[in-house]
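Input: a single structure, listed below in structure tokens.
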């Protein structure tokens, strides 16, 4: 998902983006940058996404650490 913050060239693309549960798309069908929630996950932790449409657990122990 790409998040376009206000301003020129302020796009940010994440591998996983959490959109606020009460978020509503605008008239163009896009999410607002204010609806993105950033979650800090410790290295080696598991992220439980089984309650989402993805239905998986994401293991972070293989992520690059640089």
*For the chain: rounded, prolate or oblate by the Cα gyration tensor [a/c cutoff 1.5]*: oblate
*Percent relative contact order of the chain, based on C-alpha pairs within less than 8 angstrom and at least six residues apart?*
21 percent
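Any read-out appearing in this document is the output of simple, stated calculations on the displayed coordinates, not a laboratory observation. Computed from a predicted model, the values in this text were never measured in an experiment.
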